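Down below is the structure, laid out as C-alpha cells.
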C-alpha cells in the first residue's frame, strides 16, 4: 500500500514507537526497604535517589518521597558509593535537616530525626512522637528495640513511669492492641531472652539468624495483636508463632539440601579434586539431613509439617 511507502509517515511512526517505548521502560521510583529485607546494588540505590529527588522537586511537602530519598542515599553510601555533587547522593544528616524545614510535622521526619540528636533521652522522645502518630507502624518498634538494647535504663525511666509488672502477659497484649507502647516494652523484657535462646537452639546455634528471628517476632507481636485470643495464654500464642517460623526455615533448608543433592547426582565428572570436593559436600548434606530426622520427638515436632 502507498500508505506505508510515505517516508514522512514512516519517520513519524518510528519516532512515536521510540518515544512510547522509552516511556514504558522509564525507571520509576520504588519503595526503599531495609537492607535486612532486600539488598540491591549501590547503583540501583543511586538511581532511586535521583528518582525520589525528582519527586521531591515536584512536591516539597511529600514526606514519603523525603523518607525514600533518605533511605536510598543512606544505603548507597553504606554500600560504598561516595557523596558527590555530580549525582543526587547526599549525606543522611543533610537530608534530615532539609526534612525538618519541608515536612517538620510528619511521621517520617520524627522517625529519622533521632539520628541528629546526641542524648539518648532526646532520641527516645523523638521516636515516641513518631509512635504517637502511627502506633501500628512497625518501623517505630524496630528503632525502639535497637535503642532499647543500648539504653535500657533510660527506656525504663520514660516508658515505665507506671509499673507494668503487675499486669499479666494477656493484659499487656490488651494494652498493646489499644496502642500502649510501654506494655510492649514490658513484654519484650519478659520474653526476649527466652525467645532468643529458643531460636538459637532450633536454628543450630546460628546467633545472627536467631537475632533476626527475634526482631521479626517482635514485629509480629504488634502486627498480629488483633489475632491474639484474650482468653488464651500469651506464652502459648507467641511460642506457636516462633515454632511456625522455625518450621518454615527448616522447610527452606530441607529444600536447599534436596536441590544440592540432586545437583550433585547430575554433576558432570571433572578433575579428581573437583570430584572429591563434591563427594564431601554430598556426604555433609546427607549427614545433616539424617541428623535432622533423628532428633527426638519433642525437638523434631517443631519441624514437622502441620497436618
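The values are calculated or read from the model by the stated rules, or taken from the named source; none is laboratory data. Note that the structure is a prediction, hence the values are computed from the model and not measured. Reconstructed Cβ throughout: ideal geometry from the backbone, glycine too, with neighbour counts over all protein chains shown.
Return a yes/no flag: does the range 177-192 have any residue that is farther than 21 Å from residue 136 by Cα and either modelled with pLDDT of 85 or more or surrounded by fewer than 17 Cβ atoms within 10 Å (Cβ to Cβ) (or both).
yes
Return yes when residue 81 is in a loop (DSSP other than H, G, I, E, B) and closer than 27 Å to residue 133 by Cα and no when it is not.
For residue 81, the condition - in a loop (DSSP other than H, G, I, E, B) and closer than 27 Å to residue 133 by Cα - is not met.
Please enumerate the residues belonging to the range 20-61 that are at pLDDT below 60 and surrounded by 10 or more Cβ atoms within 10 Å (Cβ to Cβ).
Residues satisfying the conditions are 20, 21.
Which residues, counting only those in the range 193-207, are assigned to a loop (DSSP other than H, G, I, E, B) and at pLDDT 85 or above?
Correct list: 203 only.
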